[in-house]
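Written below as structure tokens is the structure these notes are about.
Please treat every number below as a calculation from the coordinates, not as lab data. No experiment lies behind these values; they were computed from the predicted model shown. Cβ placement follows ideal geometry from the backbone for every residue including glycine, while neighbour counts extend to all protein chains displayed.
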Amino acid sequence: MTKKELTHLIRNRRVFALTLLMPLLLMTIVGLAFTGEVRHITTVVVNKDGRPFSQTLVDSLRASETLRIRYYTDDESQAEALIRDGFAKVAIVIPATFDDDVKSSNGIIYVMVDGSDPVSAGAVAPVVQGIALGFTEKLRIQVERLVLYNPSLRYIDFIAPAIVGIFLQIFPMILISMAIAGERERGTIEQLIATPVSGLEILLGKLFVYMGFGFLSATSMLVVAVYVFNLVVRGSVLLIVLFLTVFLTASLSLGTLISAGSKTQMQAVQTVMPMIYIMIFLSGTFYPIEAMSPLVQPISYVLPLTYMIHALRAVIVKGAGLEVVTNDLIFLSTYTVVMLVLAVAVFRKKLE
Amino acid sequence: MMPDVVQTTQLTKRFGTLVALDHMNLSVKAGEIFGFLGPNGAGKTTTVRILCGLMVPTSGSATVVGYDVAKEPEEVKQRIGYMPQSYGLYDDLTVEENLEFYGSIYRVPPDERRRRGSEILQLVRLDEFRDHFAGQLSGGMKRRLSLAVSLIHGPELLILDEPTAGIDPPLRRVFWEYFRHLNKLGVTFFINTHYMDEAELCDRLALINYGRLVAVASPIELKRKAIGGEQIELVTTDAQRTLSMLRDVDSVRGANISDGTISLVVDDAASSIPRLTSFLKERGIEVLQARQLRPSLEDVFIKLVQETGERPRQ
């Protein structure tokens, strides 16, 4: 009996590969993605002082693994703009009187963090405090944290937009690939394509229905987040709808592509599963991408979900406008058009 | 002269190294019931799938209801009805919804759809089940619904892939009543089958094996072709003498004796029996019993298929 089952498993190459490779893949991804400490947080340094003490402080900050200092300025509002537009997550502000304050053992530096990413935001202040302590053994430097956008650093504000993105990536993709593979599995496709209805019509019919379903799910999720968990939607609803439309089209097209290679619903699901794991863990849903191993970061940056989550967080939590999420929109639109064209191309009205 | 409803020229389909259809030339005339007979794997389903525009031939061409299938598949599809071998309707839609859906994608106007739908459901006796989910129907009813769906747009040609496979003989007869009825209304039929009793009912039969056409003729002609004429059986007062005498008669071929019964092949049984009876009587032999043998199509089928030999290798 065991031997027979084992033979089934080995003969079914798809399942065999899945049971063998999935655990390896999953553990490797999680290991590389969740490095344990938050690192490489993009930082802007606002040095209003510029005298030797402040310069030394900046040097020590630069030596930190946690921070990746990308910008230097002496203008706080510029730093804020960088955070708002998503170029930096943290601003470290050194006041103009820093040199004098330190000498009178009364130094204060401010850490301005982006509350829409509570993981990075929470990690940065203690690190800066540590650096400040090491810098002045005898002198006391106080670190004050200012949280932008999500002042109480609530995790729900961070996670809710991501969950919407994940859901829209996964469920419509699974449903449409199962619907198409199901027509093949039950043999209904043969009767259907024997009619003059075009392949495009068949595909669009399915796309529209699942698009509607996707909107319904997204809306209900956001309603729960807003009315039950007090999520504040700061940005434009219209912009959110635009992103939902583009993104839904992309995941439905991807589902269609998957179904093209699947004879049965089971095969479709088996193909989707590994993709889901990669998408969830590498898209920055739970953990900032900057902190992940450089080995997996390139994967993160080709996942459409990464851009979707970034855009949703920016629009919902930070109230960002179109100008902030233009890059996300361009990437997602390009991706969507490519996917849709491929989906239409592979959805041929023939049997082989 | 009416153009042929189906015309294939050197139609060939390969799946990898397997030749499923090998330079097939077929023609089906308007108004006939054309049977496509062959053993499993002979290429019957492949042929109908190409004719319905579901598959692209490797080479050769097919014209169906006046359109080249490869060039204008949608024109063909609009004018033909197709009933696939495996039932392929939506289990979670009702009988009526399935018909309605197919009516709509064939662009049958709504009121005509309703009228035709009712007519067809009455024809296949499913009108009482119009609100049942297709998934709840019995196997035979599913087949009837499948036929109904293939008729919703009033096709001029019906292509049926083993329409009565797995159906009990009484229901098979009922199906043939529908076919006859529709045929009288002018619908041409192209029917795949490997049932001999079904093949007997066709106007013309094409016999295929290994993707090649073995013979095309009416069932009677096919039998004649396989036997080389018609078969009669004689019981006489002196079998041995009868046999030696008849062997000298020109119109008699292949005379044999077994258990005292003589079987012969002649061109025309009806005229031969009285002629041979008087011929033997003149020579003092009494014919005790004479009858025409009707070989089953099955014998013919096996004989002709065996003659085609092995599957050609590619």
*Mind jotting down the three principal axis lengths of segment A:155-346 based on Cα atoms? Whole angstrom, largest first.*
52, 36, 30
_Long-range amide H partners of B:Tyr82 with built H, under 5 Å_ = B:Ile159
*For the charge dipole of the protein assembly as shown, defined by +1 on Lys and Arg C-beta atoms and -1 on Asp and Glu C-beta atoms about the Cα centroid, which residue among B:Thr45, A:Thr43, B:Pro219 has the Cα displaced farthest towards the positive pole?*
B:Pro219
*Two-site label geometry, B:Arg115 and B:Ser59: point separation in nm, points 7 Å out along Cα→Cβ*: 5.0 nm
*Name the residue, out of A:Met292, A:Met112, A:Met273, whose mean-square fluctuation peaks in a Gaussian network model built on chain A with Cα pairs under 10 Å.*
A:Met273
*Among B:Phe129, A:Phe171, what is the fewest-to-most ranking by other Cβ atoms within 10 Å?*
A:Phe171, B:Phe129
*Any idea how far apart A:Leu295 and B:Gln289 come out in nm if each label point goes 7 Å out from Cα toward Cβ?*
9.0 nm
*Relative to the longest principal Cα axis of chain A, at what angle does helix A:326-346 sit, 0 to 90 degrees, rounded to 10?*
10 degrees
*So what's the angle, to the nearest 10 degrees on a 0 to 90 scale, between helix A:237-260 and the longest Cα principal axis of chain A?*
40 degrees
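With 44 Å as the cut-off, how large is the P(r) tail for the protein assembly as shown, expressed as percent of Cα-Cα pairs? Display every interim value, and only then the final one.
On the way: 108497 of 221445 pairs.
The calculated P(r) of the protein assembly as shown puts 49 percent of pairs beyond 44 Å.
Which FRET efficiency value, to the nearest 0.05, is calculated for A:Ser105 and A:Leu322 with the Förster distance at 60 angstrom and r the Cβ-Cβ distance?
Details: r = 48 Å, r/R0 = 0.80.
E between A:Ser105 and A:Leu322, to the nearest 0.05, is 0.80.
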*Let me know the charge dipole size of the protein assembly as shown about its Cα centre in debye, to the nearest 20, where only the beta-carbon of Lys, Arg (+1) and Asp, Glu (-1) is charged.*
880 debye
*Under 5 Å, built H, 5+ apart or other chain: amide partners of A:Arg39*: A:Ala291
*From phi via Karplus (6.51, -1.76, 1.60), per-residue ³J(HN,Hα) for segment A:121-128 in Hz, x at Gly/Pro*: 4, x, 7, 6, 4, x, 5, 5
*Using the Cα gyration tensor of segment A:41-148, with a ≥ b ≥ c the square roots of its eigenvalues, what is the shape: rounded (a/c below 1.5), prolate (a/b larger than b/c) or oblate (neither)?*
prolate
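About the Cα centre, and with charges only on the beta carbon of Lys, Arg (+1) and Asp, Glu (-1), how big is the dipole of segment A:60-101? Nearest 20 debye, please.
Working: 5 positive and 9 negative charges, 85 e Å.
I would put it at about 400 debye.
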*With +1 on each Lys and Arg Cβ and -1 on each Asp and Glu Cβ, how big is the dipole of segment B:112-155 about its Cα centre, in debye rounded to the nearest 20?*
100 debye
_Only Cα pairs within less than 10 Å get springs; with that Gaussian network setup on chain B, which residue of B:Ile167, B:Ile152, B:Ile208 has the largest fluctuation?_
B:Ile167
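Summarise the partner chain shielding of A:182-194 as one whole number: the mean count of Cβ atoms from other chains within 10 Å of each residue's Cβ. If you can, show how the numbers build up before the last one.
Details: counts 0, 2, 0, 0, 6, 6, 8, 3, 10, 14, 6, 6, 18.
Mean partner shielding for this stretch: 6.
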*asked:* At R0 = 41 Å, how high is the FRET efficiency between B:Lys29 and B:Ser263 if r is their beta carbon distance? Nearest 0.05 is fine.
replied: 0.70
*Round to the nearest 0.05 the FRET efficiency obtained for B:Ser251 and A:Lys263 when R0 = 56 Å and r is the Cβ-Cβ distance.*
0.40
*On a 0 to 90° scale, report how tilted helix A:2-11 is relative to the longest principal axis of chain A, with both axes built from alpha carbons and the result rounded to the nearest 10.*
80 degrees
_Residue among A:Tyr149, A:Met178, A:Ile163 farthest towards the positive dipole end of segment A:47-179, charges placed on Cβ_ = A:Met178
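Write down the Å³ per residue value for the convex hull defined by the alpha carbon atoms of segment B:48-106.
On the way: hull volume 5.2 nm³, N = 59.
With only Cα atoms used, segment B:48-106 gives 88 Å³ per residue.
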*asked:* If you restrict to DSSP beta bridges whose two residues both lie in chain A, what percentage is antiparallel, to the nearest 5?
replied: 15 percent
_Largest first and in whole Å, what are the equivalent-ellipsoid semi-axes of chain B based on the Cα gyration tensor, each being the root of 5 times an eigenvalue?_
45, 23, 16
*Once you've got the GNM for chain B with C-alpha springs shorter than 10 Å, pick whichever of B:Pro170, B:Pro155, B:Pro110 has the biggest mean-square fluctuation.*
B:Pro170
